[in-house]
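Every number here is computed from the coordinates shown, using simple stated rules; none is lab data. The structure displayed is predicted, hence computed values, not measured ones. Virtual Cβ from ideal backbone geometry, glycine too; neighbours counted across all protein chains shown.
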Amino acid sequence: MFRFKKAAVPAAPVAVEGVPPAALPLPLDEAAFRRHFDALLAGAEQDGGIEAYIAALGAKIAVFAALRERVRAAPPLPGDLEDVLALVFTARRRLYPALDTLGAEAGLRVRDLWFGNAAPAQRLQQFVDVMPGAGATDRASIKAAAKLRRAAWDFAAELLHYGDPLRYPLMTRWVWDQATQSGALRELVRGSDSIRELPFGNDPGLFEGARCWLAEQLAAQGIYRDEELWIDLLQAQAYLGYFRSMTEGSLGADFGRGVPAQEQLKRLLGIDAAPGTRPDRVKKPLAAAHAETH
């Protein structure tokens, strides 16, 4: 596993406790990397420069890391999660009512996610499994529960990664989702449009293997600082290349129809507003939101 050291010169990979990288069952394509890398730089240049994106991700990490340190002492209450919920992709901010329903149980699962002894994949799944609605029997409730579980997976993946970004890769479904066969990793496979099903699973080792490969590509471009942030940006750029090539469907409202690509990229990464500036972004139950206005 790469340890993403912030150094001005190349550093050899150093094994650290975390996610061991798995060999990728299909090679990723250097030409695809360069295409997305160039698109990222060109887009950022029109929007304050890549340094602004790196700084925004760094500020996001600081919020997640601060919560993680507080959680060492005591599990968080749902209200303690508002600051980090405000910094994830739009659709995931709707998790607050479910977390509020769970109460203390949600905090225990967050603590276990960061400090539990189980493997990372198990901790992610345990967070998802505690979500309400598992016993639903009618079609509408089953569909709502499944949507909630998908959002919970992505939120848990962000908690794990941004709470300790050197140790854990970003494992959200937009990076790769085996069930839908979509995500940034597909956009880095040569000829993926003609491959019906990629032999990629959802094991954390796959995400770390891809991250190590991306770190090598960045090193070839002379980038040896903030690799973990560059990789998140590159994966977001790759996914948006796919998204913008499709007609805007179910994600259109969350991304914003007609919004520039740079703004969509920032929304996907949750860096479209500075930490602490938009508490209204978290979708609370109507009763709770009403109470806070009085």
Kindly provide the helix-only [θ] at 222 nm of the chain, computed as the sum of -39,500 (n - 2.57) over DSSP H runs of four or more divided by all residues, to the nearest 500 deg cm²/dmol?
-> -16500 deg cm²/dmol
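Holding the Cα-Cα limit at 20 Å, pick out from K147/K283; K60/K147; K60/K266 the pairs that are longer than that.
Numbers: K147/K283 15 Å; K60/K147 25 Å; K60/K266 12 Å.
Check vs 20 Å cut-off fails for K60/K147.
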Could you list the residues of the range 122-141 with an amide nitrogen less than 14 Å from a label point located 7 Å from the Cα of K147 in the Cα-to-C-beta direction?
-> 139-141
Taking neighbour counts of Cβ atoms within 10 Å as a proxy for exposure, in what order, fewest first, do W153, W114 appear?
-> W114, W153
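So for each of 135-143, 61-69, 80-88, 199-207 I average, over its residues, the number of other beta carbons within 10 Å; can you give me the resulting order with the highest mean first? Let's see the in-between values first.
Working: 135-143: 10.0, 61-69: 16.7, 80-88: 21.4, 199-207: 18.2.
The peptides rank, most packed first, as 80-88, 199-207, 61-69, 135-143.
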